[in-house]
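Comments concern the structure below.
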Amino acid sequence: MPGSAAHILVCEDEAALRADIAAVLREAGYTVSEAADGAAARGLLETVMPDLVLCDISMPRLGGLELLSHVRQTRPDLAEVPFLFLTALVAREQVLAGKSAGADDYLVKPIDHDIMLATVAAHLRQVARMRASLEDRVARMREALRSGNAYPMLDSLALAVVLLDADGRIVHANAAAGELVREFGQVLRDGLSSGAAAAHRTVGRASANDDQPAVLRVATGDDRPDLIVLLSQLPTAEPAMMALLIDPANRMVPPDTLLQSLFGLTSTEARVASLLAQGDRSDEIAGGLGIRQSTVIFHLRNIFAKTGTNRQVDLVVLLLSLMVAPQ
């Protein structure tokens, strides 16, 4: 049945009610974990990954609102997990507080089992649609990168991508990159131009050696950190290079758990991929993880195979597109 694979966390301090809810959910085919209060649920979330949380609002030690606030602030890997409150009285102020904290819905006590099952199923279907959309986006981006026809798709991303000629002149900038070009103007243009020739040579050498992209840092002239620019040679004369602009002041990187679930990466591979998406070089990744650079390269080859990419810059584009591509 539809709910058979879903894992529900039930957090309720009334033992009889908690057991009743858990029994109904299990009979419907769900896997269920139980917690007697918010503190117990917080501990459980360190070891289990639920697909949905049913949580009482008023509980000892740690209430539902506090638990929800903790999850939304500290667990980005649970961002898409629906959080449904169980409450005996839904006052307007309570609803507003819950919605502000990130609650997805309410179930009013005494719990109507049919309404509960229908509500749970509806939210799980919504999550399934989101995941299917994400997987479809990954598949389309991966195919575009594989076919060498990714540039039209790049225009639809909030990811900042610039196409350059061999002299570092901007041939095309998508909307996100255009905003950075307008914001930093000639500083960014000069940085790209002055580094392009050396980067062209660096990328050309690297293309025969794991295709390591050239990494530039463009000083913006203000208090913000330097822009990170990943430059990769293209298999065309015009444009000759693709520049991925990463703004450390406004950088979105997919959580490691998402990379593990989407691509089947190991925890170390997911960490390497995430650090690469943040703009770290392979030597910086090796130093930060306390491993050899050759080990990083070994992990990268596994990551390329699992994600269907074959160049670092394509991998970074794919990873960052998970966070910023349109729904």
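The values are calculated or read from the model by the stated rules, or taken from the named source; none is laboratory data. This structure is a prediction, so every number in the text was calculated from the model and none was measured. Glycine also receives a Cβ, built like all others from the backbone with ideal geometry; neighbour counts cover every protein chain displayed. Please note that ligands, DNA and RNA were not included when accessible areas were found on the heavy atoms of the full protein model with its side chains. Shrake-Rupley method; radii C 1.70, N 1.55, O 1.52, S 1.80 Å.
Structural remarks
- Listed conditions (1) more than 19 Å from the chain's Cα centre (by Cα); (2) at pLDDT below 80 are all met by R129, apart from (1).
- Figure legend. Inter-residue proximity from the range 99-110: first residues surrounded by 13 or more Cβ atoms within 10 Å (Cβ to Cβ), second residues at pLDDT 80 or above and among the small types (G, A, S), beta-carbon distance below 8 Å, spacing 6+ or different chains. Indicated pairs: A101/S69; G102/S69.
- Restricting attention to the range 1-47, the residues that are open to solvent by 30 Å² or more (accessible area, probe 1.4 Å) and of a type in the set (V, I, T) total 2.
- Residue check for R311: open to solvent by 70 Å² or more (accessible area, probe 1.4 Å), over 15 Å from P254 (Cα atoms) and modelled with pLDDT under 90: no
- Close pairs from the range 45-62: first touching a residue at least 60 places away in the same chain (Cβ under 8 Å), partner among the small types (G, A, S), Cβ under 6 Å, at least 6 apart: D51/A6
- Criterion violated by L265 - all others in (1) at pLDDT below 85; (2) in contact with a helix residue (DSSP H, G or I) (Cβ under 6 Å, 6 or more places away or on another chain); (3) outside any helix (DSSP H, G or I) satisfied: (1)
- For the range 50-70, a residue qualifies if it is closer than 17 Å to S33 by Cβ, of a type outside the set (A, V, I, L, M, F, W, C) and open to solvent by less than 20 Å² (accessible area, probe 1.4 Å), and the qualifying residues are P50, D56, G64.
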